[in-house]
1. For region 178-187, state whether one or more residues are touching a residue at least 24 places away in the same chain (Cβ under 8 Å) and under 16 Å from the mean Cα position of the chain (by Cα).
2. Out of (1) over 25 Å from residue 29 (Cβ atoms); (2) crowded, with 23+ Cβ neighbours inside 10 Å; (3) modelled with pLDDT of 95 or more, the odd one out for residue 130 is which?
3. Looking at 43, 101 in this structure, which one is crowded, with 16+ Cβ neighbours inside 10 Å and touching a residue at least 40 places away in the same chain (Cβ under 8 Å)?
4. Would you check which residues across region 325-347 are in contact with a helix residue (DSSP H, G or I) (Cβ under 8 Å, 6 or more places away or on another chain) and within 29 Å of residue 211 (Cβ to Cβ) and list them?
5. Test each condition in (1) surrounded by 17 or more Cβ atoms within 10 Å (Cβ to Cβ); (2) at pLDDT below 95 for residue 165 and report the one that comes out false.
6. So is residue 275 at pLDDT 95 or above, farther than 18 Å from residue 358 by Cα, assigned by TED's automatic domain parsing to the domain that holds residue 342 and out of contact with any strand residue (DSSP E or B) (no Cβ under 6 Å at 6 or more places or on another chain) or not?
7. Which residues, taken from region 6-60, are within 17 Å of residue 77 (Cβ to Cβ) and in a helix (DSSP H, G or I)?
8. Of 336, 346, which residue is without any contact (Cβ under 8 Å) to a residue 60 or more places away in the chain, assigned by TED's automatic domain parsing to the domain that holds residue 318 and at positive phi?
C-alpha cells in the first residue's frame, strides 16, 4: 500500500516529524511492506526547501517555499503539498495536525472527493488540541489565523475517514466536540528500543562531580508556570547539599533568562546548568546524566490533550520521574513504581518527592529500571504501527483501540 504523510512543518527543530511521524513510517515500511512518503512544508528549516532526503529509509519530500505575499504564499504552499502528495499516487493520505498548509491540502482532497473525484482516502492525526483553549492560545497568531485554524480542526476531524489521536483526552474531545463520524484510534507517542546513554561525559563537560545529585529538567518551558519551577528549584537546593540542576531544552519566550535571573535572586545560580537545545543524537547521554527528572505540567486543556514525547524519552532512559498527574502522564508513569505523581501545581509535593528519591539510590535504580521496561513493553512503535496498518487496510466506520481491534 502507498501512503503519504502530510507533515505540519519541517523535520527540525520541532518534534512531531522526527518523534512521531518517522518512527511510524519506518515501522510501516520495514515490518508491514507499505511504502511511506512524507511531504513537508519546511518553513522551520528553509534550507531544505525543495530537497528530497532519506531518513530511516523513509523518503522526505520538502516542498519549495514561497516568499510572496503571505496569503498567496499560504495557498501556493498548500497547492504544492496537494500536487506532490497526489503525484505519489497513494492509497492513503494521512494528515498530521489538522491545520496549516497540509490541512488545506487535505481539505481540498476531501472536498473534491465529495464532488465525485476519485482521490486517496484521507485520515487525520492529532497530537494537540489546536482551537479555542488549545494551541491557538499559546501562539502569537492573528485573530484571522486563530479562526482559520479552529475551523480547520473541526472541519477535518469531522470529515476524515479515520482519526488517530495521541491522548485519551483528545479521544474524548474528538468524539464529543468534533463529532468525528469515521473511525477513531488511540495512537499515543511511543518509543523505539535503544540502549541507555552514558552520562559521565556530560557530567565532565559541565564540571559536575560524579557523585553529585543531579535533578534533570527536560522541557520546552511553556507547559508550566515559571514561578513554580523557580520555587521548586530553590527549595530542593536548600535541602539537598551539592545538588545540580541540569536543564535540557529551550523555551520560546525568554524562559531560560527568567530562570537564570531567578537563580541569582534565590541563591541557586551555582547549582544551575543550562544545556539548551540538544542534538537528538546526543540526547541519550544528557538524560543519562540525571539521577531523577522533574516533569511539571500545569492542569490546562492544552496539557491534558498533549502526549508528552519528552516524558517517553525520560522513561526509556531509565530515569525516575517526579511529575504532575495531568492528562496523559498517568498513562505512562506508574506512581511509586516509576516515580511519583503529584497534585498539579503542588510545589511542596514535587519538592518532597524529589528529595525523597535523591536520598534513596536503591529506589531510584528500581524505578528507573521499571520505567525502561514498562515503556518498551507497553508503548512500542512497532506494535502501534501494526494497529495502524490494520486501520489502513480497513478504514470502515467504527472505533478501534491501539491494537487495531474494535473498542469495547
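1. Within region 178-187, one or more residues are touching a residue at least 24 places away in the same chain (Cβ under 8 Å) and under 16 Å from the mean Cα position of the chain (by Cα).
2. Here residue 130 clears every test but (3).
3. 101
4. Hits for region 325-347 are 333, 334, 337, 338, 339, 340, 341, 342, 347.
5. Every condition holds for residue 165 apart from (2).
6. no
7. 17, 46, 47, 48
8. Of the residues listed, the single one that is without any contact (Cβ under 8 Å) to a residue 60 or more places away in the chain, assigned by TED's automatic domain parsing to the domain that holds residue 318 and at positive phi is 336.
The values are calculated or read from the model by the stated rules, or taken from the named source; none is laboratory data. Keep in mind that this is a model prediction, so the values were computed, not measured. All Cβ positions, glycine included, derive from the backbone under ideal geometry; neighbour counts span all protein chains shown.
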